[in-house]
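**Q** Okay, handing you the structure first.
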Amino acid sequence: MKLPFSHREDIYFSLLRQSGRNISATASALVDLMENYQNVPDKVAAIRDLEHVGDEIIRTIMNHLHNTFVTPIDKEDIALLGQRMDDVVDSIEEAALHMLEYRIEQPTSYAIELARIILRCSRALEPCMGFLQYRGAKLEEIIPVKDELNLLEQEADLITSRAMAELFEDYDAMDIIKWKDVYDQLEGATDRFEDIASILDGIVIKYIQ
């Protein structure tokens, strides 16, 4: 059942859906950067543009929260969900910037794998933003997505561990520093997806009927 929210209340769901779409677009751009490592400055610039879109979305969410007394779900949940979604895009942008600024010649297989996991996370998450305005069975559709995000985060942890082990075996000190920064940001994006999964789980528990 879809709840009869007013336009003022429904704006939050609309903004969260926009954020979900922006995460997917940013993750797709990251995979394109890693898999087709050409025209790097232009591709990184495109990712930065998407990060600016994300910043504008979270600013709009917070402005509405500051000026609205009644919200369709808890203000704290809306704010935290919006912030963590913005954090995902920030981490992707930072990873992309490191690739450019550190003049990395070619992505590692691990960086490509992590980018693909981020994209899988984004594609799993995006539909959830459309479920938040429902109750009952529709809201329950978030539950398996939450589990999927947790599993993908665990997969990313394993890949990062292998990547870091290889760094200290085969790379010189400067490249270790560069790649550690890149891996930290990529893994950080998957960590934020896990945070989002936890927030969604809490929302389901509060509002399922």
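**Q** Give the residue, chosen from Y171, Y207, that is under 28 Å from E76 (Cα atoms) and among the aromatic types (F, W, Y). Explain how you work it out, then say what you get.
**A** Working: Y171 fails: under 28 Å from E76 (Cα atoms).
Only one candidate passes the filter, namely Y207.
**Q** Taking the condition of being more than 22 Å from N22 (Cα to Cα) and small (G, A, S), how many residues in the range 55-111 meet it?
**A** 1
**Q** Out of the range 22-38, which residues are within 14 Å of H52 (Cα to Cα) and of a type outside the set (G, A, S)?
**A** N22, I23, T26
**Q** The conditions are (1) crowded, with 17+ Cβ neighbours inside 10 Å; (2) in contact with a Leu (Cβ under 7 Å, 6 or more places away or on another chain); (3) more than 19 Å from R192 (Cα to Cα), and P41 fails exactly one of them. Which is it?
**A** (1)
**Q** Restricting the range 79-110 to residues that are in a helix (DSSP H, G or I) and farther than 21 Å from H52 by Cβ, which is nearest to the chain's Cα centre (by Cα)? I'd like the intermediate steps shown before the answer.
**A** Start the filter on the range 79-110 by keeping residues that are in a helix (DSSP H, G or I), which leaves 79-101, 109-110.
Checking the rest, the ones that are also farther than 21 Å from H52 by Cβ come to 80, 109-110.
On the way: L80: 13, S109: 21, Y110: 18 Å.
Taking the candidates together, the pick is L80.
**Q** Taking P72 as meeting all but one of (1) in contact with a helix residue (DSSP H, G or I) (Cβ under 6 Å, 6 or more places away or on another chain); (2) in a helix (DSSP H, G or I), write down the number of the exception.
**A** P72 satisfies all of (1) in contact with a helix residue (DSSP H, G or I) (Cβ under 6 Å, 6 or more places away or on another chain); (2) in a helix (DSSP H, G or I) except (2).
The rows are residues; the columns are (1) of a type in the set (V, I, T); (2) at pLDDT 95 or above.
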| site | (1), (2) |
| --- | --- |
| N22 | no, yes |
| D32 | no, yes |
| E35 | no, yes |
| I47 | yes, yes |
| H66 | no, no |
| P72 | no, no |
| L80 | no, yes |
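**Q** Which of the residues belonging to the range 108-144 are closer than 29 Å to H98 by Cβ, of a type in the set (G, A, S) and surrounded by fewer than 19 Cβ atoms within 10 Å (Cβ to Cβ)?
**A** Residue satisfying the conditions is S109 alone.
**Q** Quick one: which of L100, L151, L80 is surrounded by fewer than 19 Cβ atoms within 10 Å (Cβ to Cβ) and touching a Pro at 6+ places or on another chain (Cβ under 8 Å)?
**A** Checking each option against the conditions leaves just L100.
The values are calculated or read from the model by the stated rules, or taken from the named source; none is laboratory data. The structure presented is a predicted model; accordingly, all values stated were derived computationally and were not measured. All Cβ positions, even for glycine, are placed from backbone atoms using ideal geometry, and neighbour counts span all protein chains on display.
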